[in-house]
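This report refers to the structure that appears directly beneath it.
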Amino acid sequence: MNATEPAEETVQGGYPASPSADALDRLVVLLVDDQRMVAEGIRRMLASEDDVTFHYCDDPRDAVAMAQEIRPTVILQDLIMPEMDGYTLVNDYRADEQTRDIPVIVLSTKEDPKDKSKAFERGANDYLVKLPDRIELIARIRAHSRSFLAHQALREMQVCLEQSNAELKKLSCMDGLTGIFNRRRFDEFLRKECQRSARDDSPLSLILIDIDFFKPYNDHYGHLAGDDCLRKVARALDEVVHRAADLTARYGGEEFAVVLPNTDSDGAQRIAQSLCDKIRSLALPHEHSQAADIVTISMGVVTRVACDRTDPADLINLADAALYRAKESGRNRYVVVDEGA
């Protein structure tokens, strides 16, 4: 049988349920004891404390579930009960994620130091001989409850801080205009993937991308249209490069970069062709392009197995040289770095 009641109410044939308290300044006491006379005695001790809500559980088998439901700030725990001994029950609190940090004050008729030592070893926070002095009981309830609430508040602040820091870190890696990763994240990612390539002896591909004749586009259509073009191109590139292990980033201005870990030259070329096709499919008008009447891109593609001495700048320079050749040969295409280059 389980029962709960606010401290200011009177027992009349049972303990009516009361809502759990969420406010930080509200103390919630759960008593687990098979003797209702003890429960009534403690209830009376707490009756004049307006900020204390009292709950009672007479079956230790239900204690953990009840604690999960009402979220007490302190548990008063009998040591000797017919269905389960108090030591085991303290273990059960500590084994449950929702109740493991709730302070437990053991109540016992015994004052044997061995019992006290065993209770503390099992995870109890305090030990009182019942029935304890009212003033002492209330003082200990308040001390343990407030320590628990302060700990909970600090934990919540830490969680919020960690979430905020994670969000800030994410924002610091994103390009504000296009919504994809920025140059900072690209540099960091490429460096790590070079190290992984060297360690695993796996191929690493890099594609540098440039929007063809973007300056004339900006001059003719205006900077707002240019920004919109950058956003649409970035989104389209990101849709093609969809593996979780890959990265699409804005390299700077109208340039973008794609890093493809564990991808050989054939795979990188397939991605490059898909990127070309995807941007063409946007059919963004470009009256001042000498490559086509729509927005197109040029790309330089390089694939290498990095070694310990490989510098990310080496890959970037190779891809940039290939991109230059793509532009020189008419744009709207990709050029692949020779394996021996």
Practice task
For the range 171-178, state whether one or more residues are touching a strand residue (DSSP E or B) at 6+ places or on another chain (Cβ under 6 Å), part of a strand (DSSP E or B) and among the charged types (D, E, K, R).
Solution key: no
Exercise for the section: Scan the range 324-334 and give yes if some residue there is more than 23 Å from S202 (Cβ to Cβ), touching a helix residue (DSSP H, G or I) at 6+ places or on another chain (Cβ under 6 Å), surrounded by 15 or more Cβ atoms within 10 Å (Cβ to Cβ) and modelled with pLDDT of 95 or more, otherwise no. Expected result: yes
Problem - So Y251, is it more than 35 Å from the chain's Cα centre (by Cα) and of a type in the set (F, W, Y) - result: no
Practice task
State whether the residues of the range 183-199 include one that is outside the structural domain of G226 (by TED's automatic domain parsing) and aliphatic (A, V, I, L, M).
Solution key: no
Handout entry: Matching entry among C307, C229 (being of a type outside the set (D, E, K, R) and over 20 Å from R183 (Cα atoms))
Key = C307
Handout entry: Positions within the range 63-77 being surrounded by fewer than 23 Cβ atoms within 10 Å (Cβ to Cβ) and within 18 Å of L107 (Cβ to Cβ), in sequence order
Key = V64, M66
Handout entry: Pairs, first at positive phi and outside the structural domain of V258 (by TED's automatic domain parsing) in the range 291-314, second surrounded by fewer than 17 Cβ atoms within 10 Å (Cβ to Cβ) and of a type in the set (F, W, Y), C-beta under 7 Å, six or more apart
Key = none
Practice task
For residues that are under 28 Å from L76 (Cβ atoms) and within 18 Å of the chain's Cα centre (by Cα), tally how many sit in the range 131-186.
Solution key: 3
Practice task
Can you work out which of the residues in the range 116-140 that are more than 22 Å from E49 (Cβ to Cβ) and touching a strand residue (DSSP E or B) at 6+ places or on another chain (Cβ under 6 Å) is modelled with the highest pLDDT?
Solution key: A124
Handout entry: the range 195-229, subset surrounded by fewer than 19 Cβ atoms within 10 Å (Cβ to Cβ) and on the phi > 0 side of the Ramachandran plot, residue farthest from the chain's Cα centre (by Cα)
Key = G222
Handout entry: Search result, residues across the range 60-111 that are among the basic types (K, R) and either touching a Pro at 6+ places or on another chain (Cβ under 7 Å) or at positive phi (or both)
Key = R71
Problem - Near pairs, Cβ below 9 angstrom, 6+ apart or cross-chain, from the range 92-103 (assigned by TED's automatic domain parsing to the domain that holds V64) to any residue that is among the hydrophobic types (A, V, I, L, M, F, W, C) and assigned to a loop (DSSP other than H, G, I, E, B) - result: D92/M84; Y93/I102; P103/A124
Handout entry: Complete set of residues in the range 143-163 that are more than 16 Å from V28 (Cα to Cα) and among the aromatic types (F, W, Y)
Key = none
Problem - Any helices (runs of 4 or more DSSP H) falling wholly within the range 44-138 and containing at least 2 residues that are under 11 Å from L30 (Cα atoms) - result: 63-70
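The values are calculated or read from the model by the stated rules, or taken from the named source; none is laboratory data. None of the values given here were measured: they were computed from a predicted structure. We place every Cβ from the backbone using ideal geometry, glycine too, and count neighbours over all the protein chains shown.
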